[in-house]
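The values are calculated or read from the model by the stated rules, or taken from the named source; none is laboratory data. Bear in mind that the values here come from a model prediction, so they are computed numbers and not experimental data. Virtual Cβ from ideal backbone geometry, glycine too; neighbours counted across all protein chains shown. These area figures cover heavy atoms from the full protein model, side chains too; ligands, DNA and RNA do not enter into them. Shrake-Rupley method; radii C 1.70, N 1.55, O 1.52, S 1.80 Å.
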Amino acid sequence: MALEQHVDATADKVAGEAKEVAGKVTDDKHLEVEGKAEGLLGKAKEAIEDAKDKVADVVDDVKDKFDNK
C-alpha cells in the first residue's frame with residue numbers, strides 16, 4: 001500500500017473510532033453512527049489498497065515468468 005493511502009485509511013479509522021466513542025460518551029447517536037461510518041470507510045480504503053497491491057504482485061510475477069523464458 002502506498003504510504004499516502006495507508007495514512008489516509010488509518011486517519012479515517014482513527015477519526016471514526018474517536019467520533020464513535022465520543023458519541024457513546026455524550027449519548028449522541030448521530031455522532032456515534034457518523035464515527036462508525038467513517039471507521040468503515042477507512043477499513044474499506046485499506047482493503048482496496050491491499051487488493052491493488054496483490055494484483056500488482058501477481059502482474060509482476062507474470063511479467064517475470066515471461067521475461068525469464
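Observations
- Helix axis angle, 3-26 relative to the chain longest principal axis, alpha carbon, degrees: 20
- Average Cα contact separation per residue, the chain, under 8 Å, 6 or more apart, as relative contact order %: 35
- Among Ala22, Ala37, Val7 - extreme Cα towards positive end, dipole of the chain, charges at beta-carbon: Ala37
- P(r), alpha carbons of the chain - 10 Å bins starting at zero, rounded %: 23, 30, 21, 14, 8, 4, 0
- In this structure the chain gives 76 Å² per residue of accessible area when probed at 1.4 Å with all protein chains present.
- Spin-label pair Ala11-Ala56: with each label point 7 Å from Cα along the Cα-Cβ axis, the two points sit 1.9 nm from one another.
- Taking a straight line from the alpha carbon of Lys45, these lysines sit under 29 Å away, with near neighbours fewer than eight places off in the same chain left out: Lys13, Lys19, Lys24, Lys29, Lys36, Lys54, Lys63.
- Carbon plus sulfur fraction of accessible area for the chain, probe 1.4 Å, in percent: 61
- A simple spin-label model places pseudo-atoms 7 Å from Cα toward Cβ; at Asn68 and Val25 they are separated by 5.4 nm.
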